[in-house]
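*Asks:* Take a look at the following structure, please.
Just so it is clear, none of the values below were taken in a lab; they were calculated from the coordinates. If you're wondering where the values come from, they're calculated on a predicted model, not measured in any experiment. When we count neighbours, we look across all protein chains shown, and the Cβ atoms used for this are built from the backbone with ideal geometry, even at glycine.
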Amino acid sequence: LVMLLHVYLQILPPDGIEHLKLELWWPLTGKFAVAVFFLVTGFSLSVGFLNTGNAALVVRMVFGRYFRLIIPVFATCALTSAFMNAGLFMPVEARPDMMGAYYSFEPTLAHLVRFALFDVIFDYSTAQSYAPPLWVISFEFFGSLIIAAMLLGVGDPARRPAMYLAALIGLYLYHPWFALFVLGIVSVRLRDVLKQHATPAAGGYLMVLGCTLSVLFGENPYTLSLAAFLFFLGAFQLPVALAFFSNRASRALGEISYPLYLLHVPVSFVVGLPIYVAANGDPWLQMAAAGLAVFASLVAAVIFIPVNTAAMSASRWVGKRAAALILRPAPATGSS
């Protein structure tokens, strides 16, 4: 969804498409999808601990998270740097005005290493970015630390709801995106409550309400966070939605979702933008350029699956060893 929004509405928009007001169609509201992604992160990184109480799961996540995020990011940035150095990106002056702000930096090796390993998390700048969607990486990294702090420092939200409520209010006021990670934790328990006390139809109502809020209030992060939370919670309660999001096609898209998110902008600049500019305002050729960019992005994401797999393996390797070291039992002392 984020890819379609970026390609068809922002990078390669056919002339006249603005009259369709596609940004009001909730599936194409890119930040709505990102908000749901943050909720999924909170849910998936906490459900194991909440079900087992195994602190090692959280410690593994904390120490492995950087590698899980950064290995695909570095690969994406390296590929984009190679594209830029090979002259595959159109000169800034030849692009449409809205695309001139991107990829105008010098793609040196030092720039690549600093941005991909440090700046993407700790000092992000869109003007220096190898892929504009990388703005989420900082939120993902610090959101993961918030998840760990809540699980290890506070515990189960069912046992300490007041502390979770206080954390949610504070984070929501600071930045609602961070509150989504805690809402993901809370969703683990709310899912069980809904299953016990609400009908499946309630899930549908929650999803409709979430979609409606996202359309009415656009990309305002405060209302959008609430809208995404309602939609996310409702999907657990409505069987047909749960089946849709867990079917084979959805799982296949889930496998390539992270590489696709990272790669679709640079691929669109290389594959689609030259055709888009050459179309000289012809909407059909512009749509063809966008369609080709989408297809090429999907292919690139599939090719990148081994990189994503390597990131998961590295994350688990680092996390397991860190947990084994930190949680190692203290040696027994002899008694006299």
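*Asks:* Once you have the Kirkwood Rh of the chain from its Cα pairs, apply Stokes-Einstein at 20 °C and 1.002 mPa s and quote D in µm²/s.
*Replies:* Values: Rh = 21.6 Å.
Roughly 99 µm²/s, to the nearest whole number.
*Asks:* Would you mind checking the tilt of helix 248-267 against the longest principal axis of the Cα atoms of the chain, expressed as 0 to 90 degrees and rounded to 10?
*Replies:* The helix 248-267 is inclined about 50 degrees to the chain.
*Asks:* What FRET efficiency would be calculated for the residue pair Ala201, Ala243, taking the C-beta separation as r and a Förster radius of 22 Å, to the nearest 0.05? List each step's numbers first, then the result.
*Replies:* Values: r = 16 Å, r/R0 = 0.71.
Approximately 0.90, to the nearest 0.05.
*Asks:* Working only with C-alpha atoms, what are the Rg and Dmax values of the range 204-291, expressed in angstrom?
*Replies:* 17.8, 48
*Asks:* I've got another one for you. Report, to the nearest 10°, how far helix 135-153 tilts away from the longest principal axis of the Cα atoms in the chain, using its own Cα long axis and a range of 0 to 90°.
*Replies:* For helix 135-153, the angle is close to 0 degrees.
*Asks:* May I pose another question? Between Leu152 and Ala127, what is 0.36 nm times their sequence separation minus the Cα-Cα distance? Round to one decimal in nm.
*Replies:* Details: separation 25, 0.36 × 25 = 9.00 nm, distance 3.70 nm.
So the chain would gain 5.3 nm between Leu152 and Ala127.
*Asks:* How far apart, in nanometres, would the label points at Glu106 and Met163 be if each is projected 7 angstrom from Cα along the Cα-to-Cβ direction?
*Replies:* Output for this residue pair reads 5.1 nm.
*Asks:* Further question on the same structure: Applying 1/(1 + (r/R0)^6) with R0 = 56 Å to the Cβ-Cβ distance of Ala55 and Val92, what FRET efficiency is obtained, to the nearest 0.05? Walk me through the numbers before you get to the answer.
*Replies:* Numbers: r = 50 Å, r/R0 = 0.90.
E(calc), rounded to 0.05, equals 0.65.
*Asks:* Points 7 angstrom from Cα along the Cβ direction at Leu327 and Leu117: gap in nanometres?
*Replies:* In this crude spin-label approximation the distance works out to 3.0 nm.
*Asks:* Can I ask one more? With charges set only on the Cβ (+1 for Lys and Arg, -1 for Asp and Glu), what does the dipole of the chain come to about its Cα centre, in debye to the nearest 20? Don't skip to the answer; put the middle values down first.
*Replies:* Numbers: 18 positive and 14 negative charges, 321 e Å.
Approximately 1540 debye in magnitude.
*Asks:* Next question, about the same structure. Taking the chain as the reference, fit the longest principal axis to its C-alpha atoms, fit the long axis of helix 200-217 to the helix C-alpha atoms, and give the angle between the two in degrees, 0 to 90, nearest 10.
*Replies:* The two axes meet at around 50 degrees.
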